[in-house]
Amino acid sequence: MANTYTLIASNTLSAPAATVTFSGIPNTYTDLLLKYSARGDNGGISYDAAYLRFNGVTSSSYSNSNLFVNNATVYSNLGTGTTIEGLMDTNGSTSTANTFSNTEIYIPYYLSTTLKPTSRIGAVETNASSTYLGIQAGLFNNSSAITSLLLGIVYSSNFVAGSSFYLYGIKNS
């Protein structure tokens with residue numbers, strides 16, 4: 001079990017941004033943890049999705065399996081593509097004002113020269129009658145160590161100002 005968490009970098013947006021990038025990730029840890037609290041600017045939705053891309057790789061090197069809940073209804077999907085895309089993990093602009101999602105993405109063995117799995121859990125906080133929760137297993141099929149990651153938003157143009165992102169390195173010793 002991990003016993004040392006070190007903040008590598010953080011970013012709280014002072015202005016809207018389409019993506020957030022962490023680059024120059026050092027090779028001194030065993031695992032990575034990305035935590036964020038975000039909201040999108042799309043005027044017609046109460047929840048949004050965020051996508052993840054590693055090392056600037058835009059080929060179809062990613063796959064994911066999602067399980068998500070909209071109130072009491074459960075949905076699932078599988079996907080492959082140019083990103084790992086989460087569902088229902090970011091607030092949309094029609095959710096309760098000034099509420100932001102809470103999401104964690106765990107990336108074990110990010111220095112591995114084989115497949116790199118990810119896990120994600122997110123909740124859209126609406127303070128209303130609707131609840132959106134999502135969990136995901138993702139996979140980055142690439143032999144390079146992860147040195148950068150980019151997080152973007154799917155249905156909105158931007159993450160809004162006040163969205164915050166934290167990248168931690170984890171050592172198992």
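Since every read-out is calculated from the coordinates, none of them should be taken as a lab result. Remember, it's a predicted structure, so these values are computed and weren't measured experimentally. A quick note on method: Cβ atoms are made from the backbone with ideal geometry, for glycine too, and the neighbour counts reach across all protein chains shown.
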Taking the Cβ of Asn64 as the center, what net charge do the other residues with Cβ under 9 Å away carry, scoring Lys and Arg +1 and Asp and Glu -1?
0
Kindly put Tyr47, Tyr168 in sequence by how many other C-beta atoms sit within 10 Å of each C-beta, fewest to most.
Tyr168, Tyr47
Over segment 8-91, what relative contact order in percent results from Cα pairs under 8 Å that are six or more residues apart?
31 percent
Other residues with Cβ under 15 Å from the Cβ of Ser95 give, with Lys and Arg +1 and Asp and Glu -1, a net charge of -3
Relative exposure of Leu111, Leu52, judged by other C-beta atoms within 10 Å (fewest first):
Leu111, Leu52
How much net charge surrounds Gly138 when only other residues with a Cβ under 14 Å from its Cβ are counted (Lys, Arg +1; Asp, Glu -1)?
0
Please sort 145-157, 54-66 by packing, taking for each peptide the average over its residues of neighbouring beta carbons within 10 angstrom, highest first.
145-157, 54-66
Sort Leu33, Leu139, Leu115 so that the residue with the fewest other Cβ atoms within 10 Å of its own Cβ comes first and the one with the most comes last.
Leu115, Leu139, Leu33
